[in-house]
Amino acid sequence: MYFQVQFVASVSAEEFTLLSSCFPRSCTFYLVLCINLFLFFLLAQESWVGVLYFQIHFVLLVSRQGKVRLTKWYSPYTQKERSKVIRELSGVILNRGPKLCNFIEWRGYKVVYKRYASLYFCMCIDEADNELEVLEIIHHYVEILDRYFGSVCELDLIFNFHKAYYILDELLIAGELQESSKKTVARIISAQDQLVEAAKEEASSISNIIAQATK
Amino acid sequence: MEQLKTIGRELAMGSQGGFGQSKEFLDLVKSIGESRSKAEEDRIVLSEIDILKRKLLEPDVPKRKMKEYIIRLVYIEMLGHDASFGYIHAVKMTHDDNLLLKRTGYLAVTLFLDEDHDLIILIVNTIQKDLRSDNYLVVCAALNAVCRLINEETIPAVLPQVVDLLNHGKEAVRKKAIMALHRFHRKSPSSVSHLVSNFRRKLCDSDPGVMGATLCPLFDLISEDVASYKDLVSSFVGILKQVTERKLPKSYDYHQMPAPFIQIKLLKIMALLSSGDKSASDMMYMVLGDLFRKCDSSTNIGNAILYECIRCISCIIPSPKLLEDAAEAISKFLKSDSHNLKYMGIDGLGRLIKISSDIAEQHQLAVIDCLEDPDDTLKRKTFELLYKMTKSSNVEVIVDRMIDYMISINDNHYKTEIASRCVELAEQFAPSNQWFIQIMNKVFEHAGDLVNIKVAHNLMRLIAEGFGEDDDDADNKLRLSAVESYLQIISEPKLPSLFLQVISWVLGEYGTADGKYSASYISGKLCDVADAYSSDETVKGYAVSALMKIYAFEIASGRKVDVLPECQSLIEELLASHSTDLQQRAYELQALLALDARAVESILPLDASCEDIEVDKDLSFLNGYIQQAIESGAQPYVSERERSGGMFETTDYHSQDHHEVTSHALRFEAYELPKPSVPSQPSAALVPVPEPSYYSEPHQPISTSSSVSERESSEIKLRLDGVKQKWGRPSYQSSTSASSSTPPQAANGTSTHSDGGGVASSSSSKPRSSYESKKPEIDHEKQRLAASLFGGSSSSSRSDRKSSSGGHKPAKGTANKPLATVPKESPIPVPDLLDFDEPTGTSDVAATDPFKELEGLMESSRQDGGGSTDVMGLYSTDASAPVKTTTSVDSLLSELSDSSRGTYHQSQTTKGPNSKEALEKDALVRQMGVNPTSQNPTLFKDLLG
């Protein structure tokens, strides 16, 4: 903490206003009130550190009809909050026109979304993060899914949502991008799948039997 | 036909290999897909929960079955239902030796549990074991769980293993170990502080993926402690240079950009490191310049890097050349058709405007366009930009715009934010007092309960104090205009509570001040307020206090007071109120009405809200009385501390102290606050005293003395505070002193409360430009708007702002419906998402029965087959060169995305079915009730022959 104060104190007032543009406005307001200059810097630094931890708070896949296809929460949310978040966000996102921004400001966060066919991929990030980058992370994920499933469609994700989770876990960890190489992700996923291969064959033969029987 | 349909479905499922799941699971997913309403879905899920509860309790569930149950639980949980009954089974599954099952177990627990869940303790042991496993896949699965589930207390349990894994042979494990450490650092920095050097070392890892992952924790570390990482600037610059020169393996390329995610991360770190550091900034000029040249602004990822460069430049000490580059990039963004890029452009402009304020001028019209864009996100960003460039010359236009927008939206969170921005700007740049009050009225009227209470106190203070100039005339005018505007507004229905408090207070203080309005008129209005908002005790309290002030002023000026009948009934009602506060106010008012003019004048002097109240903590005015009491045999006061100090000395004192202790237990917090260590003269005499005269005597004389002194000045009542605590005894009993002590407190309440910053006194009084009249011709209007916004923007404004504003916290109160005085600007309708009965969009084909349209569709499918190549052609011509070269991937992907990627136009073309595989899947989607967006009938052709 001591150091942080030093750091902020070293930037001039003008730069501070510039930096402050990175904080959520509300914080800044609260801060500006503080007359005590030292306290001012101290508090400012606190919120500044908080905001600087760029990370993805959650990933959400919703269908055109508002049905949830995949959710991954990197920040703690209760089940109740989760349903509220999903309801609120899908209400906003599904109703946005096609030509508008792929970002929405929401409760002091930003939600970046992109539509692929009938699926909306959404990621919630901090307000000061780079939206375009997150948009590309979404696309990166979709490309990996696509490579894995072979022209992926919504149905793949519905029935193999656990696989989508595995892939997501290889891409993002604790809300940060851990691997940006498609090949590496593909390699580790296929290594995992090889172990499963035998079981998978068995499964498909069973389902074939079922299919035969019901025919 | 019905039969055929079912057979078709079974067939489709069979041919898909059943996705590796059992029929029950497929049925579950299918039935949920087919459910048409939320209620139906809930019913299905609830019955599924019942089934699973039963099945999980069965003895000897085969492991494969159990795995599927767990996945079904995950599915249920994902749909927002509680699956906690099965958590323990997921935990058990992590113990399994089979990797497949273990992995499922870990997946389920990471989704079910968070780090504070009780079951975590059962997993830690397994994780520890798995981290030591020989199979790197097991280790990876365990590390994934570590990143999600380990909390502060359990970090030490796994930390040694995680640290060991930093040198694991597999890069995937090293990477995850770093991310785990990163997460530990965030959870509890102290637990890993000794390991920080590991991050530095891992920056040189042979695997670029590990290096990339290391940037995440380094970013955090650097943002906390810039100075100790300054030495890394050159390394980061070097890495970035190598990345841009494509030294990394090809597999890190993304849309022809070399490792863009790593580049962005590096830029973020460099912005931190060289913020305000000239020498560090110098090192970066080269590579930043290179980036501007190399970045392909036709791809999204290229723009992402450009944007990051702009951000970086806004943080470092830039060279003129770089500023030029950045400005050019911004103007490209702003000129783009894509809303995303415009958004980024506005954001970048907001950042650069701090450095060189003339940048905005060339983009005036683009900014205005964005301000009038139907896209809410873009509009908000533009308001943020305007907020940043506000100065006294354009404050009126900007604040007017903001308020118009504020009125038009329903989003409480943003409303709060924009309201507080308006207040801040108005406080800092207000050209005139009247304007300020008007703006505040508007803000309170439309966002009242969302505004921080300090703003209200500031406003009251401003009205009471004026703008600090010694010009009573102007102050009076200000007050009069405030009173007039409030009298107009007060009769409107449903005003926010906070606003009513302000109105009541101002009317009470200044309503009758200049004689324009009669006391009965004002008091009638105040009674109306108390009546209309009878459920709001705060407002009522303010109203009663205001009434009291008005009557007090009347009495003091010697006029006869006629209490209105409604006021009388109000008082009577409040005398019996459940709220002690209201009751007390009512009693005070009643008591005040019975007093004579002199007494009233000293209780509530006219316009005394700004007078400083000096609290005489020593109660020196009582010295004479005390002296008298001591002389007549009373015991001198001994402070609590001295009493406890002298506890062992005398027995009779001890008994008194004992009594003190018991009385302690009865006291409430509030009485404890002022410490009894106030130096007091009597306490100098340390002789302990027996009790008798201690309780019975004091308060009677106090009240007489205070009522005597009341006639001298109003300040005295506050001194009673001191009396209370001096004798260390709640003085509830003396109702006379209580009732006489509170009125001035109420009257002066605002000035004591409003401890926020002072109100800015920008005195440049420009006439308010009649902005409303500009509406008609768009273009002309835009020009003028631009002129009023940007004109004379050379004078940097923001830095000389006073840091005074009302703070606020996001509140989630109920917003009052904005009175639609302006055309609503793109309100977002929020339909009930989960109501599936109604199709949500135009492209929703769910309603049409595919079989009915079979004939026609089969026709169109053939045409579609041909047409699909056209779609692909479109992609490749539309998209720029890099996309074209990656078509091998994209062609698959375009199947998925109906919006063309690479370019930003989200074209509305429905996707063209062009591969058999996709067709089959699509058909299955339809069968499952998933409702894809496009028509895809080929499957039926297959089915029906």
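Quick one: length gained pulling B:Val561 to B:Glu537 fully straight, 0.36 nm per residue minus the C-alpha distance?
Length gained, B:Val561 through B:Glu537: 6.1 nm.
Once you order the gyration tensor axes a ≥ b ≥ c over the Cα atoms, which shape class does the range B:452-608 get: rounded for a/c under 1.5, otherwise prolate or oblate by comparing a/b with b/c?
Working: a/c = 1.66, a/b = 1.16, b/c = 1.43.
Oblate shape, in that a/c is at least 1.5 and b/c is the bigger or equal ratio.
Count neighbours as other Cβ atoms within 10 Å of each site's Cβ, and list the trypsin sites (Lys or Arg not before Pro) in the range B:469-554 that are DSSP loop with at most 13 such neighbours.
Values: sites: B:Lys477, B:Arg479, B:Lys494, B:Lys516, B:Lys525, B:Lys540, B:Lys549; in loops: B:Lys494, B:Lys516.
Filter output for the range B:469-554: B:Lys494, B:Lys516.
If you put +1 on each Lys and Arg Cβ and -1 on each Asp and Glu Cβ, how big is the dipole of the range B:452-608 around its Cα centre, in Debye rounded to 20?
Numbers: 13 positive and 25 negative charges, 50 e Å.
Charge dipole of the range B:452-608: 240 debye, to the nearest 20.
Any idea of the total accessible area buried by the B-A contact, 1.4 Å probe, rounded to 100 Å²? Don't skip to the end; give the middle numbers.
On the way: alone 45840 and 13150 Å², together 46930 Å².
It comes to approximately 12100 Å² buried between B and A.
Would you work out which of A:Trp73, A:Ala174, A:Leu157 lies farthest towards the positive end of the dipole of the range A:56-191, given +1 charges on the beta-carbon of Lys and Arg and -1 on that of Asp and Glu, about the Cα centre?
Ranked along the dipole, the leading option is A:Leu157.
Sort out for me the Cα centre separation of the range B:262-290 from the range A:126-162, rounded to whole Å.
The distance from the Cα centre of the range B:262-290 to that of the range A:126-162 comes to 30 Å.
Count the lysine pairs in the range A:56-191 that are 8 or more places apart or on different chains: how many have C-alpha atoms under 17 angstrom apart?
Final tally of qualifying lysine pairs is 12.
Hey, what do the phi angles of the range B:415-423 turn into as Karplus ³J(HN,Hα) couplings, whole Hz, using 6.51/-1.76/1.60 and θ = phi - 60°, x for Gly and Pro?
The phi angles translate into 4, 4, 5, 6, 5, 6, 5, 4, 4 Hz.
Taking beta carbons within 10 Å but only from partner chains, what does the mean come to for residues A:65-75? Walk me through the intermediate numbers first.
Values: counts 13, 8, 10, 6, 2, 1, 5, 4, 4, 3, 1.
Shielding by partners across A:65-75 averages 5.
At 1.4 Å probe size, with every protein chain present, just tell me what the per residue accessible area of the range B:429-487 comes to in Å².
Values: 1950 Å² over 59 residues.
Using a 1.4 Å probe on heavy atoms only, each residue of the range B:429-487 averages 33 Å².
Could you give the length gained by full extension between B:Asp282 and B:Lys332, i.e. 0.36 nm per residue of separation minus their alpha carbon distance, to one decimal place?
Full extension of this stretch gives 15.4 nm more.
Run the simple label-point estimate for B:Ser37 and B:Arg64 please: 7 Å along Cα→C-beta, distance reported in nm.
It is 4.0 nm.
Just to make sure I understand: if all protein chains stay in place, what is the order of B:Ser534, B:Ser639, B:Ser297 by accessible area at 1.4 Å, largest first? Present the calculation step by step, with values, prior to reporting the outcome.
Numbers: B:Ser534 65, B:Ser639 10, B:Ser297 45 Å².
The ordering from most to least exposed comes out as B:Ser534, B:Ser297, B:Ser639.
Just to verify a number: FRET efficiency for B:Gln628 and B:Glu572, C-beta to C-beta distance, R0 = 30 Å, to 0.05? Kindly include the intermediate steps, with their values, before the conclusion.
Values: r = 42 Å, r/R0 = 1.39.
Plugging the Cβ-Cβ distance into 1/(1 + (r/R0)^6) gives 0.10.
Express in whole angstrom the spacing between the alpha-carbon centres of the range B:240-256 and the range B:187-235.
Distance between centres, Cα-based: 21 Å.
For the range B:477-513 and the range B:297-330, compute the distance between their C-alpha centroids and round to whole Å.
About 51 Å separates the Cα centre of the range B:477-513 from the one of the range B:297-330.
Per-residue HN-Hα couplings for the range B:451-461, Karplus 6.51 cos²θ - 1.76 cosθ + 1.60 at θ = phi - 60°, whole Hz, x for Gly and Pro?
Working through the residues one at a time gives 7, 5, 5, 5, 4, 5, 5, 4, 5, 4, 5 Hz.
Using a Förster distance of 51 Å, how high is the FRET efficiency between B:Asp114 and A:Lys183, based on the Cβ-Cβ distance and rounded to 0.05? Mind dumping the intermediate values first?
Values: r = 32 Å, r/R0 = 0.63.
After rounding to 0.05, the efficiency reads 0.95.
With θ set to phi - 60°, apply the Karplus curve 6.51 cos²θ - 1.76 cosθ + 1.60 along the range B:278-291 and write out the HN-Hα couplings as whole Hz, x wherever there is a Gly or Pro.
Working through the residues one at a time gives 5, 5, 5, 4, 3, 4, 8, 3, 4, 5, 5, x, 4, 4 Hz.
Subtracting the Cα-Cα distance from 0.36 nm times the residue separation, let me have the gained length for B:Val196 to B:Lys230 in nm, one decimal.
Length gained, B:Val196 through B:Lys230: 10.7 nm.
What is the spin-label model distance, in nm, from B:Val615 to B:Arg132 if the labels are put 7 Å beyond Cα along the C-beta direction?
With each label placed 7 Å out from Cα toward Cβ, I get 6.3 nm.
Quick one: accessible area per residue over the range B:293-415, 1.4 Å probe, rounded to a whole number of Å²?
Details: 3290 Å² over 123 residues.
Accessible surface, normalised per residue, equals 27 Å².
Per residue, how many Å² of accessible area does the range A:104-193 show with a 1.4 Å probe?
Working: 1480 Å² over 90 residues.
Per-residue accessible area for the range A:104-193 comes out at 16 Å².
Could you tell me the calculated FRET efficiency between B:Asp472 and B:Glu372, based on Cβ-Cβ distance and R0 = 41 angstrom, to the nearest 0.05? Mind dumping the intermediate values first?
On the way: r = 45 Å, r/R0 = 1.09.
E between B:Asp472 and B:Glu372, to the nearest 0.05, is 0.40.
The values are calculated or read from the model by the stated rules, or taken from the named source; none is laboratory data. Everything numeric here is computed off the predicted structure, so don't read it as measured data. Note that we place each Cβ from the backbone using ideal geometry, even for glycine, and neighbour counts take in every protein chain shown. These accessible areas exclude ligands, DNA and RNA; they are computed on the full protein's heavy atoms, side chains included. Shrake-Rupley method; radii C 1.70, N 1.55, O 1.52, S 1.80 Å.
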